[in-house]
Amino acid sequence: MVLFPLDALSRCSCGTTLQSLGNPPPASSLIPAALYGITRRTDVSIEVIPCPQCRHRRRLIGPDLGTTGVFNWNNLILLTHELLNSYTNMFTASETPFSAFCLTIRRQYEDVASGMQFCSEETFVRAWFAFVQIQRLDSSMACPTCGPSPSIVIADGVSLATHASKLTPHIRPPTFTDASSERIESISTYKARSLPAIPQKDIRALIIKCIEALSTASPTFPSTLPDTSKIEESHVPVASFLRLIQRTQDLPLRRAYRELMRQVSYGSVARTFCSN
């Protein structure tokens, strides 16, 4: 059986180090532990000393093992750097969730020996978070204006959610409001209905019909369009732009014009002011 003895960096989770205990140190003992790797689990023994500061049966001074490529999470569960770095690489490359990664490792264990168990998903999540806390993970992603660490970041979607054990009463969704929240009285759901560039629903539907009529791949457009009198009454520039699309013979430019007109006619698009 593999034995991991105490080393110069041995410490307790409270911060008490082996060197601070003086010389000679207190008597040590051996306890069983599980070492989890990429393809198999190995039963090992680890040398520990009871922590004189914590005075708790589960608080033990154990070896660091970082120089051997092993992450000692709690003296009972050890994980190889290869295993933990493998998930980091998969997550950063393909946004692999914890559940999928753990399932893959379990199947690899089964290929080695039937009945060989991988640690629980919750244990792996907590151990991985503890592992990355002592690492420096740099990224080339940076805002050209704010730099690599903007004061405000707006993200769409979550691939790696906050674990339930990390939640505190201070973590709240961005939609949470209280007595100190800013109040904006000038916005209402009724006024928000006119946020589209073209608020009239019937006009937007008519524009879509015109775009569909102009969607032929032929260099020559049809000579007639649906009745655009309503568009000319309320949105003269839009009617002029539709006639411009009708006269355009360049197919790539025509497609770009149609796509722009389609976006303008969307009901969920707010007014956008563009400058040349």
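The values are calculated or read from the model by the stated rules, or taken from the named source; none is laboratory data. Computed from a predicted model, the values in this text were never measured in an experiment. Because the Cβ atoms are built from the backbone with ideal geometry, glycine has one as well, and the counts that use them run over all protein chains shown.
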(message) If I go through segment 29-47 residue by residue, how many of them are buried (at least 20 other Cβ atoms within 10 Å of the Cβ) and not small (Gly, Ala, Ser)?
(response) 3
(request) Among the residues of segment 56-80, write down those that are more than 16 Å from Glu122 (Cα to Cα) and surrounded by fewer than 16 Cβ atoms within 10 Å (Cβ to Cβ). (result) His56, Arg57, Arg58, Gly66, Thr67, Thr68, Gly69
(request) Keeping to segment 1-28, report how many residues are among the small types (Gly, Ala, Ser) and either loosely packed, with under 15 Cβ neighbours inside 10 Å or in contact with a Ser or Thr (Cβ under 6 Å, 6 or more places away or on another chain) (or both). (result) 5
(request) Considering every residue within segment 219-235, establish whether at least one is at pLDDT 85 or above and in a loop (DSSP other than H, G, I, E, B). (result) yes
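How many of the residues making up segment 80-115 are under 22 Å from Gly69 (Cα atoms) and in contact with an Asp or Glu (Cβ under 7 Å, 6 or more places away or on another chain)? Reasoning before the result, please.
Narrowing segment 80-115 to residues under 22 Å from Gly69 (Cα atoms): 80-92, 98, 101-102, 104-106, 108-109, 112.
Those left that are additionally in contact with an Asp or Glu (Cβ under 7 Å, 6 or more places away or on another chain): 98, 102.
Summing the residues that are under 22 Å from Gly69 (Cα atoms) and in contact with an Asp or Glu (Cβ under 7 Å, 6 or more places away or on another chain) in segment 80-115 gives 2.
Per-residue answers, yes or no, for (1) at pLDDT 75 or above; (2) within 16 Å of Arg262 (Cβ to Cβ); (3) among the β-branched types (Val, Ile, Thr); (4) exposed (fewer than 10 other Cβ atoms within 10 Å of the Cβ):
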site	(1), (2), (3), (4)
His163	no, no, no, no
Lys166	no, no, no, no
Pro174	no, no, no, yes
Ser181	yes, no, no, yes
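Hey, can you tell me all the residues within segment 43-62 that are of a type outside the set (A, V, I, L, M, F, W, C), farther than 11 Å from Ser28 by Cα and at pLDDT 90 or above? Quick ask: steps written out before the conclusion?
If we filter segment 43-62 for residues that are of a type outside the set (A, V, I, L, M, F, W, C), which is where we start, we get 43, 45, 47, 50, 52-53, 55-59, 62.
Filter once more, so that each one left must be farther than 11 Å from Ser28 by Cα: 43, 45, 52-53, 55-59.
Scanning segment 43-62 gives Asp43, Ser45.
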(request) Need at least 1 residues that are among the polar types (S, T, N, Q) and in the same structural domain as Leu84 (by TED's automatic domain parsing) per element, so show me which strands (runs of 3 or more DSSP E) inside segment 1-63 make the cut, counting only ones lying wholly within it. (result) 29-36, 41-50
